[in-house]
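The values are calculated or read from the model by the stated rules, or taken from the named source; none is laboratory data. Just so it is clear, the structure is predicted and the values come from calculations on it, not from any experiment. Neighbour counts are summed over all protein chains in view; Cβ atoms, including those assigned to glycine, are modelled from backbone coordinates with ideal geometry.
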């Protein structure tokens, strides 16, 4: 009798999810870099610091959330023995 092992398929889909999540966060970081560049190109106007601060804050938030989500996904994969703990 043929027994299928769903672990490789789960692993592929979860790593694909991590890659797609990385692409989404990289797009948000790209938009934040554009916000910083707009703020720095308008140094002579009042309130130029707001897009700079918003860009820096969103980059920091994206990196923090991405790292936390990836660590959570890896810990779930290790708990369920989908990836090796070594």
Among (1) loosely packed, with under 14 Cβ neighbours inside 10 Å; (2) in a helix (DSSP H, G or I), residue 45 falls short only on (2)
Among the residues in the range 77-84, are any under 18 Å from the mean Cα position of the chain (by Cα) and either part of a loop (DSSP other than H, G, I, E, B) or modelled with pLDDT under 90 (or both)?
yes
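This table checks each residue for (1) assigned to a helix (DSSP H, G or I); (2) modelled with pLDDT under 95.
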{"position": "27", "(1), (2)": "yes, no"}
{"position": "37", "(1), (2)": "yes, no"}
{"position": "57", "(1), (2)": "yes, no"}
{"position": "60", "(1), (2)": "yes, no"}
{"position": "63", "(1), (2)": "yes, no"}
{"position": "71", "(1), (2)": "yes, yes"}
{"position": "86", "(1), (2)": "no, yes"}
Any idea which of (1) free of Cβ contacts under 8 Å to residues at least 40 places away in the same chain; (2) surrounded by fewer than 14 Cβ atoms within 10 Å (Cβ to Cβ); (3) under 30 Å from residue 9 (Cα atoms) is the one residue 62 doesn't satisfy?
(2)
Taking only pairs six or more apart or across chains, which ones have beta-carbon atoms under 6 Å, a first residue in the range 1-29 that is over 19 Å from residue 74 (Cβ atoms), and a second residue that is at pLDDT 90 or above?
28/62; 29/59; 29/62
Qualifying positions in the range 65-84 - surrounded by 14 or more Cβ atoms within 10 Å (Cβ to Cβ) and without any contact (Cβ under 8 Å) to a residue 40 or more places away in the chain:
74
Scan the range 2-10 and tell me whether some residue there is at pLDDT 95 or above and either assigned to a loop (DSSP other than H, G, I, E, B) or under 21 Å from residue 65 (Cα atoms) (or both).
no
